[in-house]
Each structure stands twice: as C-alpha cells, then as structure tokens.
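This report refers to the structure that appears directly beneath it.
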Amino acid sequence: MAREAAIIHSTGYFCDIGTHVFPMQKFALLRERLVADGDVAEQGFLDPPPASREDLLRVHTPEYLDDLEQLRWTPRTGASELPLTTDIVRSYRLAAGGTMLAARESLTRGFGVNLGGGFHHAFADHAEGFCYLNDIAVAIRAVQHEGLVRRAAVVDCDVHQGNGTARLFRGDDSVFTLSLHQQRNYPVPKESSDLDVGLEDGIGDAEYLERLEGSLARVWEAAPGIVVYQAGADPYREDQLGGLGLTLAGLAERDRLVLEGCVRRGIPVAVTLGGGYARRLEDTVLIHLATCRLALALARAVTPPGVSQ
Ligand SMILES: [Zn+2]
C-alpha cells in the first residue's frame, strides 16, 4: 500500500495583520488549491494542536514566552515586524504545533508537510522579522525529547539566512544546520550555521542548484534521522524581499534535489513553508503548491519497509 504524506493545516494559521507584505492568506489559499485540484481530500488535512508551553520551553526562554502570553512590547518582542495580539500569538503556537506534527508524522509516512511554519528568525529569547516562535527548532526538540530521533538536520532554502535556527543549534552536534541564502540581504549580521552558503545577488537556477547539490552532500554526511526542510518561496526572481533570480522551474528542481535526496537515503522529511513575497500572490501559492505536490508524489512512490511489491 502506498504511503500518503501528512498534510497539516489549521484555519488558525491566518490572523488579520492589516496591510502587510506577509501574505497571511497564503495558508488557506494553498489548502483550497490542494482540494480544488484533487491533491488532497477536503477531510484529508491534519489539524494540529497548538504547541504547549512545555514544548516551547525546550527552545524559548520563560521570560520571552511570558512577554508573548501577556502581549508585552519589551526588548524581547520589540524586533518583531508584526503586531502583537492574542490572535497572532495563537497562530504562531499553532504553526509550531503544525511543524511538530509534521515531524512526528514524517517518521512513519516519510513526509509531513506543514502548510505554515518555517519561522527561522525567532531566537530563544527574542522575536525577529516575521517570526515569533521557531517552529523548526520546537519540532526537532520535540522528536528528540520523545526519543524518536537522535540526529536531525535543517535544510533552509529561504532567501534569508535562518539566523534564529543557526543560533539555537549552535554547538549542538546532534543538529546539522544548512542555510542557503542571499548574502546581501536581511538579516545583518548573520549567525553561523554548520554550513552557510551566502549567494551573490541575482544568481539563477543553474548556479543555485549546483551550490545546493554540493551543500546537500554535507547534510547526507551528517546522517540525520530527520530533515526539516524550510522551503521558502522567496528565492523566486519576482520576490519583493528577495534578490535572487530563480524561476518557478528552478524552485521545483530545488525541491526535487532536497526531497528526492532524502527519499533515496530513507530520511523522513518535515516540510515547512517559510517566506514568499512574490509580486503576484498567486506565484507564491504556486511555488508552495509545487513543493506539496512533490512530497505527495514521492510519498506515494515509496513502498514502506516490509511490504512486498
Ligand atoms: Zn525569507
């Protein structure tokens, strides 16, 4: 029997942040497209519970979590570029719960895809950019804590460096962090991942893919028991906050290198969305849609262990 990738979404991922470059609508649009095009049944999505305080404390400091719960603007919350409301804190807790669920499900199904998350600029003790809670780190710490996985890797292909994730796992040999990003872009300064690939402005598909393939070799060497893939849509050449030159086809090939590489090695993958600020929202949705479809197709193509053909 073929396996199905777990596709995770909560209507609570959306919250009203007014006019903002971050397209909160993309989460629901992506779900709608997956249903409309017959990729996932209406009832086929998993609805995650929010991450608990205990889950978050494996990554974040109690002082920072208190600020979030009490909606306080302090030096810890102040670097956020989003409003601080009950709804938004709930949405980030749900996103963290979603990536935790994606990670757990990936261990039995091969793939877990969170139609949200990828908030890689959140640090242990403070927010940054559009990121309050680092769902990637929360998910890895959860599966490690549960004894399900010992070693993990983060493959972060957002156009912006995964600075929060890099710092959170700095000095931790159990988690290998790769960030492939545009060098001359936010954040400044950058943190040190285990492997950082700072790309020149405007590079196109061929060079990007070559650099990615070389970098992935280091991930495979680290022999992770799970990969969390931050599949940011913002290396796209039409992105408003990015300065790389990837096409839709190039981004699809990027996904293929990461996801097929994991499948070939039997490594479970939890996928998160990350950034995406294309001039046309439809393009951002299409990029994420292609990532989801590839995960679904690859999961179906793999025969689970112990099942004869
Ligand atoms: Zn980004």
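All but one of (1) more than 16 Å from the ligand (Cβ to nearest atom); (2) open to solvent by 40 Å² or more (accessible area, probe 1.4 Å); (3) of a type in the set (Asp, Glu); (4) in a loop (DSSP other than H, G, I, E, B) hold for ASP172; which doesn't?
Result: ASP172 passes all but (2).
Starting from segment 119-132, keep only residues that are under 14 Å from PHE22 (Cα atoms) and in contact (Cβ under 8 Å) with a residue 60 or more places away in the chain, then list their pairs with residues that are part of a loop (DSSP other than H, G, I, E, B) and open to solvent by 30 Å² or more (accessible area, probe 1.4 Å) whose Cβ atoms are within a distance under 8 Å, requiring at least 6 positions of separation or different chains.
PHE130/GLU81
Would you tally the residues in segment 221-260 being within 16 Å of the ligand (Cβ to nearest atom) and open to solvent by 30 Å² or more (accessible area, probe 1.4 Å)?
Residues in segment 221-260 being within 16 Å of the ligand (Cβ to nearest atom) and open to solvent by 30 Å² or more (accessible area, probe 1.4 Å): 4 in total.
Would a scan of segment 96-109 turn up a residue that is within 16 Å of the ligand (Cβ to nearest atom) and farther than 13 Å from TYR13 by Cβ?
For segment 96-109, residues within 16 Å of the ligand (Cβ to nearest atom) and farther than 13 Å from TYR13 by Cβ: absent.
Right, ILE140: over 15 Å from the mean Cα position of the chain (by Cα) and either more than 16 Å from the ligand (Cβ to nearest atom) or modelled with pLDDT under 95 (or both) or not? Outline the logic, then answer.
Numbers: over 15 Å from the mean Cα position of the chain (by Cα): no; either more than 16 Å from the ligand (Cβ to nearest atom) or modelled with pLDDT under 95 (or both): yes.
Spelling it out, it is not the case that ILE140 is over 15 Å from the mean Cα position of the chain (by Cα) and either more than 16 Å from the ligand (Cβ to nearest atom) or modelled with pLDDT under 95 (or both).
In segment 261-302, which residues are in contact (Cβ under 8 Å) with a residue 24 or more places away in the chain, more than 16 Å from the ligand (Cβ to nearest atom), open to solvent by 30 Å² or more (accessible area, probe 1.4 Å) and not in a helix (DSSP H, G or I)?
ARG265, ARG280, VAL302, listed by residue number.
For segment 85-141, which positions are crowded, with 24+ Cβ neighbours inside 10 Å, small (Gly, Ala, Ser) and not in a helix (DSSP H, G or I)?
GLY110, GLY112, GLY116, GLY117, GLY118, ALA122, ALA127
So that you can scan it fast, the table gives a plain yes or no per residue for (1) surrounded by 14 or more Cβ atoms within 10 Å (Cβ to Cβ); (2) charged (D, E, K, R); (3) within 28 Å of MET100 (Cβ to Cβ):
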{"residue": "PHE176", "(1), (2), (3)": "yes, no, yes"}
{"residue": "ARG184", "(1), (2), (3)": "no, yes, no"}
{"residue": "PRO187", "(1), (2), (3)": "yes, no, yes"}
{"residue": "ASP194", "(1), (2), (3)": "yes, yes, yes"}
{"residue": "GLY204", "(1), (2), (3)": "no, no, no"}
{"residue": "TYR208", "(1), (2), (3)": "yes, no, no"}
{"residue": "VAL219", "(1), (2), (3)": "yes, no, yes"}
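Applying the selection to segment 49-72, what residues are open to solvent by less than 70 Å² (accessible area, probe 1.4 Å) and without any contact (Cβ under 8 Å) to a residue 12 or more places away in the chain?
Of everything in segment 49-72, those that are open to solvent by less than 70 Å² (accessible area, probe 1.4 Å) and without any contact (Cβ under 8 Å) to a residue 12 or more places away in the chain turn out to be SER52, PRO62, ASP66, ASP67.
If you go through segment 38-47 one residue at a time, do you hit one that is out of contact with any strand residue (DSSP E or B) (no Cβ under 8 Å at 6 or more places or on another chain), under 19 Å from ARG93 (Cβ atoms), open to solvent by 10 Å² or more (accessible area, probe 1.4 Å) and free of Cβ contacts under 8 Å to residues at least 12 places away in the same chain?
Among the residues of segment 38-47, not one is out of contact with any strand residue (DSSP E or B) (no Cβ under 8 Å at 6 or more places or on another chain), under 19 Å from ARG93 (Cβ atoms), open to solvent by 10 Å² or more (accessible area, probe 1.4 Å) and free of Cβ contacts under 8 Å to residues at least 12 places away in the same chain, which makes the answer no.
What number of residues in segment 74-107 are touching a residue at least 60 places away in the same chain (Cβ under 8 Å) and either touching a His at 6+ places or on another chain (Cβ under 9 Å) or among the polar types (S, T, N, Q) (or both)?
The number of residues fulfilling the criteria is 7.
Applying the selection to segment 147-165, what residues are touching a residue at least 24 places away in the same chain (Cβ under 8 Å) and either more than 16 Å from the ligand (Cβ to nearest atom) or surrounded by fewer than 23 Cβ atoms within 10 Å (Cβ to Cβ) (or both)?
Residues satisfying the conditions are LEU148, VAL149, ARG150, ARG151, ALA152, ALA153.
The values are calculated or read from the model by the stated rules, or taken from the named source; none is laboratory data. Because the structure is a prediction, the values reported are computed rather than measured. Don't worry about glycine lacking a Cβ; one is built from the backbone with ideal geometry, like all the others, and counts go over all protein chains shown. Side chains are part of the model used for accessible areas, which takes the heavy atoms of the whole protein and leaves out ligands, DNA and RNA. Shrake-Rupley method; radii C 1.70, N 1.55, O 1.52, S 1.80 Å.
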